[in-house]
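The values are calculated or read from the model by the stated rules, or taken from the named source; none is laboratory data. In this text, all values refer to a predicted model and were calculated from it rather than measured experimentally. Here the Cβ positions follow ideal geometry from the backbone for every residue, glycine too, while neighbour counts run over all protein chains shown. Just so you know, the surface numbers come from the protein's heavy atoms only, side chains and all, with ligands and any DNA or RNA stripped out. Shrake-Rupley method; radii C 1.70, N 1.55, O 1.52, S 1.80 Å.
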Amino acid sequence: MKEAELALIARLRQGDQSAFDTLVRQHQKDLFRLAYRMTQNVEDAKDLSQEAFLRAYRGLGSFDERSNLSTWLYRITMNLCLTHLRQHRSSGEETLPETYADPSPKSLDELEEREVQRAVAEAVAELPPQQRATLLLRVHHGLPYREIAEIMETSEGTVRVNYFHAVAKLRSQLKGSRESL
Amino acid sequence: MGCEAYRNTLLEYLDGDLTGGARAELEAHLAHCPGCREELQGLQETLTFIASMPVPEPPEVFWQQYLRELRQKVVPAPRLPRLWKWLAALPLRPMPAVAVGIVLILAVFLTWQSSPERPPMRDLTSLNLTQQLALSQDLDLLREMDLLEEIELLEDWELIRSRAILGPQKAT
């Protein structure tokens, strides 16, 4: 762990309010993006990432300083997201992916690309949560398998298998949606 | 090795995890197998699409509000005993200081009022409107003090309750 992170943790443990602000500012975008990609909903992403900061702050006592601070924050966020998705699935609520594309496509190619993008978003949303989590941590956050395994609290082998299955499923869906256009 | 076996290594190849002889063998296979080359291209395309999935970029004002909300929710780690904290902050809190002053004045007044040698007390109705208003404001202030005390007690209760529900804090 870097010296700056250790100093920040020490200040947080002393109840330093400005250290909490620093922690939030440093990691807010990453945690929000991760939660958004998992839930595909802005409000949920905001609530879940905020909750992750609160849990991290309250759970500082259990933080192992040999770990990476961002890995720990990702793990808290991911666990919250997985619990959230489980609760939504069991209550029968389905959230449609929000799309942030330009509302007026300028060409046929753009329209086609948007359709494929929508198909990918839907396919990602349909992946089992563990596979979705692995895929997003690998592709969007560029994390190595070892760190993903630490976040997901599983083995590196399981992470590789989940990643392989997720990409294969999306590849097949993408092929299907391309052919139907 | 057949195409199926080679295709199972394509992701590792794209990740840069396939090294040495295995990498050279796959590249040799790709050079003369259009089916596996197409599969490789498809995987590359899929990963590009996943990576390009849009994510909202909230404006700065969103993050300011985000931090403000968090500050309100966060519980300061070490808490001083309430009475000590209140007393320590007394010089910085003019309202309670004024209220304490009023309480002392009232105490002196009531002691004086109960004394047998007291001069005849003025009827309250004889006070003018300004004096009545000042008195009622003092009473309101005292009521607010009681209310603040109750709010602090409720906050403490909420804190104890949330800690009891969450149990020992552990990285989740």
Of the conditions (1) under 24 Å from A:A123 (Cα atoms); (2) in contact with a His (Cβ under 6 Å, 6 or more places away or on another chain), the single one that B:Y6 does not satisfy is (1)
In region B:14-45, residues that are within 12 Å of chain A (Cβ to nearest Cβ) and either crowded, with 16+ Cβ neighbours inside 10 Å or part of a helix (DSSP H, G or I) (or both) total 10
Look at A:Y36 and say whether it is facing chain B (nearest Cβ under 7 Å), in a helix (DSSP H, G or I), without any contact (Cβ under 8 Å) to a residue 24 or more places away in the chain and of a type outside the set (A, V, I, L, M). yes
Based on this model, can you work out whether A:A133 counts as closer than 19 Å to A:F32 by Cβ and modelled with pLDDT under 90?
no
A:D47: passes all of (1) farther than 30 Å from B:P54 by Cβ; (2) more than 8 Å from chain B (Cβ to nearest Cβ); (3) free of Cβ contacts under 8 Å to residues at least 12 places away in the same chain but (1)
Checking A:T77, A:T71 in turn, the sole residue that is open to solvent by less than 10 Å² (accessible area, probe 1.4 Å), in contact (Cβ under 8 Å) with a residue 60 or more places away in the chain, assigned to a helix (DSSP H, G or I) and within 11 Å of chain B (Cβ to nearest Cβ) turns out to be A:T71
A careful count of residues in region A:124-143 that are more than 8 Å from chain B (Cβ to nearest Cβ) and crowded, with 23+ Cβ neighbours inside 10 Å gives 5
Across region A:80-106, the tally of residues that are modelled with pLDDT of 95 or more and open to solvent by 70 Å² or more (accessible area, probe 1.4 Å) stands at 0
Of the residues in region B:46-64, those that are at the interface with chain A (Cβ under 8 Å from one of its Cβ atoms) and open to solvent by 90 Å² or more (accessible area, probe 1.4 Å) number 0
Residues of region A:1-20 being open to solvent by 20 Å² or more (accessible area, probe 1.4 Å) and either assigned to a helix (DSSP H, G or I) or in contact (Cβ under 8 Å) with a residue 24 or more places away in the chain (or both), in sequence order, are A:M1, A:E3, A:A4, A:E5, A:L6, A:A7, A:A10, A:R11, A:R13, A:Q17, A:S18
Within region A:144-157, the residues that are open to solvent by 20 Å² or more (accessible area, probe 1.4 Å) and not charged (D, E, K, R) are A:P144, A:M152, A:T154, A:S155, A:G157
Counted residues in region A:1-31 being under 22 Å from the mean Cα position of the chain (by Cα) and facing another protein chain (nearest Cβ under 9 Å) come to 6
Of those in region B:49-62 that are modelled with pLDDT under 90 and part of a helix (DSSP H, G or I), the residue farthest from A:K169 (Cα to Cα) is B:A51
